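In what follows, a structure is listed as structure tokens, so that the remarks can point back to it.
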Amino acid sequence: MRGLLNKLVSRSLTVAGKWQQQQLRRLNIHEYQGAELMGKYGINVPKGVAVSSVDEVNKAIQEIFPGENELVVKSQILAGGRGLGTFKSGFRGGVHIVKADQVEDIAVKMLGQILVTKQTGPQGKVVSKVYLCEKLSVVNEMYFAITLDRKTAGPLIIACRKGGTSIEDLAEKYPDMIIKVPIDVFKGITDEDAAKVVDGLVPKVADRKDSVEQVKKLYELFCKCDCTLLEINPLVETSNNQLVAADAKLNFDDNAAFRQKEIFALRDPTQEDAREVAAAKADLNYIGLDGEIGCMVNGAGLAMATMDIIKLHGGTPANFLDVGGNASEGQVVEAFKILTSDEKVKAILVNIFGGIMKCDVIASGIVNAAKLVSLKVPVVVRLEGTNVDQGKRILKESGMTLITAEDLDDAAEKAVKASSS
């Protein structure tokens, strides 16, 4: 994610001095995919093609960009800050403008390599594709975004007459340049709304009427595709008096997957946390972190409280994992597989307050998971609620070596101690 909206839609956490990635449940697609989608809605985008091999690079130059002297080569990863990123190979910059005869050399240095940016964390992300684009004759660079705003309970358009660089820095130095135009979700965007946005962008050469229409088309895409974020940085004016989306950052509401099947087919699981991909397949609510204590809890509120109290006792949670109120024994087994697949996990804390979720189901899942997964780390279990006696009996008769706890505070304290021993 890039820009000012990074604070609204995702954030990095530092827990006990360690970098943590907090991911939200929304689809993120690559820039080239976003540009293609924008083109379908009549939004001006540069001519471009995504390639994944040297042969495809050469074919694209010959067939799509014949006669072009310069091209833009953009690494494709699901993170912002690519231009200032560094590859683990030592090559600097994930975005380059080069002569056509240098494109192959630059693409080779990107494809298959790991790019580290301010948003990927130190582990970086693998570049499987590069996006080759025509070099635009740019007159002016601006910033444009649409997101969902809690305060106005609807879509909010954010624009700035400067762009192409950190929007956070611009907002700090030139707050008066940032304009915000809330849109009535029931009425939709009006000509007046779109005109306010265009006037805030202060275009130098772009046709005003055409620019208003471009803003309306961007809003149409945002709504019809169930976006949670549409960000263009930079939105440029070209010498032929057009507004062009020289960048495309799009996120979509996961709750709309059932009606946006074509868009959700674009998901790139290779760019996502493998643990989260596995959890999604098992219908588990999981967010991977970088701590040492794996957590399996029922209920989001209890899961958050468990993470907090682990931190209070000096530990660091390795994940957020809510098995929900109707988890099956099989899902519990899958949860354990995910937790034990994380090499950083030094202990596992199971904290179940049985209401809808029954303690005996959790207990059976733990026992079956132990048979299928090699449990090499200590497991702390706190069970309370529905069928708790049956659950405790199942665990006791299993012969497993478990650390039992009477309450949440006791469980967290024992988990922290176990993880450091």
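Kindly indicate whether any position in the range 377-388 is in a helix (DSSP H, G or I), under 20 Å from Gly301 (Cβ atoms) and either open to solvent by 50 Å² or more (accessible area, probe 1.4 Å) or in contact (Cβ under 8 Å) with a residue 40 or more places away in the chain (or both). No. Being farther than 29 Å from Lys162 by Cβ, open to solvent by 40 Å² or more (accessible area, probe 1.4 Å) and in contact with a Phe, Trp or Tyr (Cβ under 7 Å, 6 or more places away or on another chain): is that true of Ile114 here? Taking the combined requirement at face value, the residue satisfies it. Could you list, in sequence order, all residues of the range 352-366 that are touching a Ser or Thr at 6+ places or on another chain (Cβ under 7 Å) and in a loop (DSSP other than H, G, I, E, B)? Once the filter is applied, which keeps residues that are touching a Ser or Thr at 6+ places or on another chain (Cβ under 7 Å) and in a loop (DSSP other than H, G, I, E, B), the range 352-366 yields Gly355, Lys358. Checked against (1) within 27 Å of Glu134 (Cα to Cα); (2) part of a helix (DSSP H, G or I); (3) under 22 Å from the mean Cα position of the chain (by Cα); (4) not aromatic (Phe, Trp, Tyr), Asn255 passes all but condition (1). Filtering the range 323-340 to residues that are open to solvent by less than 30 Å² (accessible area, probe 1.4 Å) and either at pLDDT 90 or above or part of a helix (DSSP H, G or I) (or both) leaves Val332, Val333, Ala335, Phe336, Ile338, Leu339. In the range 282-320, of all residues being within 16 Å of Leu383 (Cα to Cα) and aliphatic (A, V, I, L, M), the one that is surrounded by the most Cβ atoms within 10 Å (Cβ to Cβ) corresponds to Met296.
Residue check: Lys151 meets all listed conditions (1) within 25 Å of the chain's Cα centre (by Cα); (2) surrounded by fewer than 17 Cβ atoms within 10 Å (Cβ to Cβ); (3) part of a helix (DSSP H, G or I) but one, namely (3).
Taking into account only those residues within the range 394-410 that are closer than 18 Å to Ala369 by Cβ and assigned to a helix (DSSP H, G or I), which is least open to solvent (accessible area, probe 1.4 Å)? It would help to see each step written out before you state the result.
Quick first cut of the range 394-410, residues closer than 18 Å to Ala369 by Cβ only: 394-404.
Retained after the next criterion (residues that are assigned to a helix (DSSP H, G or I)): 394-397.
Numbers: Ile394: 51, Leu395: 16, Lys396: 174, Glu397: 138 Å².
Per the criteria, the residue is Leu395.
The values are calculated or read from the model by the stated rules, or taken from the named source; none is laboratory data. All values derive from a computational prediction rather than experimental measurement. Backbone-built Cβ (ideal geometry, glycine too); neighbour counts: all protein chains shown. Just the protein is used for accessible areas: all its heavy atoms, side chains included, with ligands, DNA and RNA removed. Shrake-Rupley method; radii C 1.70, N 1.55, O 1.52, S 1.80 Å.
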